[in-house]
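Worksheet: the structure to be examined is printed underneath.
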Amino acid sequence: MANAKVKTVVTNESVADFINKIEDETKQNDCFAIINLMRKVSGFEEKMWGPSIIGFGSYHYKYESGREGDAPLVGFSPRKAEISLYLAQGFKERQALLEKFGKHKTAKACIYIKKLSDIDTNVLEEMIGHSIAYIKELYGN
């Protein structure tokens with residue numbers, strides 16, 4: 001496992017071109033709004049990570065198993081059914097913020113939303129900040 005090739009790496013693909021291919025206009029607009037929010041909070045420009053993840057900043061991780069690699073500090077992916085938000089799951093305020101977040105589902109570090117109007121974007125902004133701080137503290141990047 002330690003030698004497995006990491007598939008989710010930064011590419012030179014255009015984020016705007018990727019978003020503009022989304023047929024659903026609401027989802028497309030939501031994605032551009034999420035980009036602006038994540039850019040503002042993270043201080044990083046958006047980059048494509050693999051074929052479908054939009055990430056901001058990066059950190060290097062190394063697990064006890066020996067597996068290591070780079071990942072975005074925060075990111076998201078517009079999937080067919082919903083938008084997947086990639087935020088750390090270990091920061092202490094996460095559960096309390098999720099209770100105020102709005103309509104969503106969770107699985108590990110992912111938070112799934114159908115559309116931006118279903119959630120409180122101020123809470124999302126706060127979660128992004130906590131997530132970045134947590135990852136930086138955890139990995140020392």
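The values are calculated or read from the model by the stated rules, or taken from the named source; none is laboratory data. None of these values were measured; they are calculated from a predicted model. Note that we place each Cβ from the backbone using ideal geometry, even for glycine, and neighbour counts take in every protein chain shown.
Cβ-Cβ under 9 Å, sequence separation 6+ or interchain: first residue in the range 11-28 and over 23 Å from Asp118 (Cα atoms), partner part of a loop (DSSP other than H, G, I, E, B) and acidic (Asp, Glu). Which pairs?
Once the first residue is over 23 Å from Asp118 (Cα atoms) and sits in the range 11-28, its partners that are part of a loop (DSSP other than H, G, I, E, B) and acidic (Asp, Glu) give Val15/Glu45.
Could you tell me which residue of the range 99-120 is surrounded by the most Cβ atoms within 10 Å (Cβ to Cβ), considering only residues that are part of a strand (DSSP E or B) and of a type in the set (A, V, I, L, M)?
This residue is Ile111.
Restricting the range 60-78 to residues that are in contact (Cβ under 8 Å) with a residue 12 or more places away in the chain and not in a strand (DSSP E or B), which is nearest to Thr11 (Cα to Cα)?
Pro72
Just to verify a result, which residue in the range 32-60, among those that are basic (Lys, Arg) and surrounded by fewer than 16 Cβ atoms within 10 Å (Cβ to Cβ), is farthest from Phe76 (Cα to Cα)?
Within the range 32-60, the subset basic (Lys, Arg) is 39-40, 47.
Now restrict to residues that are surrounded by fewer than 16 Cβ atoms within 10 Å (Cβ to Cβ): 39-40.
Details: Arg39: 12, Lys40: 15 Å.
Restricting to residues being basic (Lys, Arg) and surrounded by fewer than 16 Cβ atoms within 10 Å (Cβ to Cβ), the top hit is Lys40.
Where residues in the range 85-98 are surrounded by fewer than 19 Cβ atoms within 10 Å (Cβ to Cβ) and out of contact with any helix residue (DSSP H, G or I) (no Cβ under 7 Å at 6 or more places or on another chain), which of them is farthest from Lys27 (Cα to Cα)?
Lys92
Please go through the range 6-61 and pick out each residue that is in contact with a helix residue (DSSP H, G or I) (Cβ under 8 Å, 6 or more places away or on another chain), modelled with pLDDT under 95 and either farther than 21 Å from Tyr139 by Cα or β-branched (Val, Ile, Thr) (or both).
Listed by number, the list is empty, since nothing qualifies.
Among the residues of the range 5-44, write down those that are under 16 Å from Tyr86 (Cα atoms) and of a type in the set (Asp, Glu).
Asp30 - this is the single residue of the range 5-44 that is under 16 Å from Tyr86 (Cα atoms) and of a type in the set (Asp, Glu).
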